[in-house]
Amino acid sequence: MDAILTELTTTISEFKKNPNEVVKRAKNKPLAVLTNNKATFYVLSAKAYDDLLEKIWELEITPVVLERLASKEPHIRVTLEELSKW
């Protein structure tokens, strides 16, 4: 049996009737659409998708930031005002 990776589920029939309503009821949480009690696909609201992309970006950038912080390269201090002039 395949695991369902969300807390919320709906049937394919229910989803096809009114997909926007199903997403609205999920309140920005991901949900699995089931066919014969198996997850056929997962649905994310636009906000949930944006949040997911943000987390992925943070996971990708963290090693770069840590590496730069540990670097022996000289650092140049700047203010936000100086940066905003660019």
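Just so it is clear, none of the values below were taken in a lab; they were calculated from the coordinates. It should be emphasised that the depicted structure is a prediction, and the values quoted were computed from it without experimental measurement. No Cβ is skipped: glycine too gets one built from the backbone with ideal geometry, and neighbour counts run over all protein chains shown.
Key figures for this structure:
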item	result
Acute angle (nearest 10 degrees) that the helix 46-70 long axis makes with the longest principal axis of the chain, alpha-carbon atoms	30
Proximal lysines relative to Lys38, as straight alpha-carbon distance under 20 Å, when same-chain residues fewer than 8 apart are discounted	Lys16, Lys17, Lys29
Ranked by how many other beta carbons lie within 10 Å on average, peptides 10-19, 45-54 from highest	10-19, 45-54
Built amide H within the under 5 Å cut-off of Thr9, gap 5+	Ala32
Only Lys, Arg (+1) and Asp, Glu (-1) charged, at Cβ; the chain dipole about Cα centre in debye	360
Charge-dipole axis of the chain as Lys and Arg at +1 and Asp and Glu at -1 on Cβ define it, positive-most pick from Ile56, Ser13, Val78	Ser13
Correct option for Rg and Dmax of the Cα atoms in Å [calculated from the coordinates] among (i) 14.1, 48; (ii) 21.2, 61; (iii) 13.0, 45	(ii)
Local electrostatic count at Glu14 - Lys and Arg +1, Asp and Glu -1, tallied over other residues with Cβ under 14 Å	+3
